[in-house]
Amino acid sequence: MECPTGSGRRMTLADAASEIQRRLASLFLPDADGHRPCHGGDERYARDPHWRDLVLFHEYFHGETGRGLGASHQTGWTALVTRCIEDIARMRSPADAHDRPAVPAALSGP
């Protein structure tokens, strides 16, 4: 199948599922500056020590930016992202683990 649609990239369904999992998890992981796409650039979540470890599980997300929208304390389907992050971390090779930060590097795209 083509993933993403219109990209010309062909992959198996398993690879497409992994790509979707990686993209979903990346909404919740901080970049080098501490910003998480799900927080939409709100500085307190990146800078304030009382807020920076708080991760909100929104009802849905902006398709371009990843900013969380709707209710911010969902514990349903959005909380499944924790499983995605665990799965991705588990798939990492132990041989290269010392060369990269724990999870964010594992989520970087091809």
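The values are calculated or read from the model by the stated rules, or taken from the named source; none is laboratory data. It should be emphasised that the depicted structure is a prediction, and the values quoted were computed from it without experimental measurement. Every residue, glycine among them, receives a Cβ derived from its backbone with ideal geometry; neighbour counts consider all protein chains shown.
Given the options 66, 6, 41, name the one that is free of Cβ contacts under 8 Å to residues at least 24 places away in the same chain, part of a loop (DSSP other than H, G, I, E, B) and at positive phi. I'd like the intermediate steps shown before the answer.
Details: 66 fails: free of Cβ contacts under 8 Å to residues at least 24 places away in the same chain; 41 fails: free of Cβ contacts under 8 Å to residues at least 24 places away in the same chain.
Criteria check complete, one pass: 6.
I'd like to check something: does segment 70-86 contain any residue that is part of a helix (DSSP H, G or I), at pLDDT below 90 and among the acidic types (Asp, Glu)?
Keep residues of segment 70-86 that are part of a helix (DSSP H, G or I), which gives 77-86.
Narrowing further to those that are at pLDDT below 90: 77-86.
Filter again for among the acidic types (Asp, Glu), leaving 86.
Yes.
Select from segment 45-63 the residues that are in contact with a His (Cβ under 8 Å, 6 or more places away or on another chain) and outside any loop (DSSP other than H, G, I, E, B) and write down the one among them that is nearest to residue 24 (Cα to Cα). If you could, list the steps in order and put the result at the bottom.
Residues of segment 45-63 in contact with a His (Cβ under 8 Å, 6 or more places away or on another chain): 45-46, 56-57.
Pick out the ones that are also outside any loop (DSSP other than H, G, I, E, B) and you get 45-46, 57.
Details: 45: 19, 46: 19, 57: 12 Å.
By that ranking, first place goes to 57.
Taking segment 49-58 as the search range and keeping residues that are over 15 Å from the mean Cα position of the chain (by Cα) and surrounded by 13 or more Cβ atoms within 10 Å (Cβ to Cβ), which one is modelled with the lowest pLDDT?
52
What are the pairs, 6+ residues apart or on separate chains, where a residue within segment 81-99 that is within 23 Å of residue 28 (Cβ to Cβ) has its Cβ under 7 Å from a residue that is of a type outside the set (S, T, N, Q) and at pLDDT below 65?
Sorted first by the residue in segment 81-99, then by its partner, the pairs are 85/103; 88/103; 88/106; 88/107; 89/102; 89/103; 89/106; 92/106.
Hey, among 92, 44, 36, which residue is under 24 Å from residue 14 (Cβ atoms) and either modelled with pLDDT of 85 or more or not aromatic (Phe, Trp, Tyr) (or both)?
Working: 44 fails: under 24 Å from residue 14 (Cβ atoms); 36 fails: under 24 Å from residue 14 (Cβ atoms).
The match here is 92.
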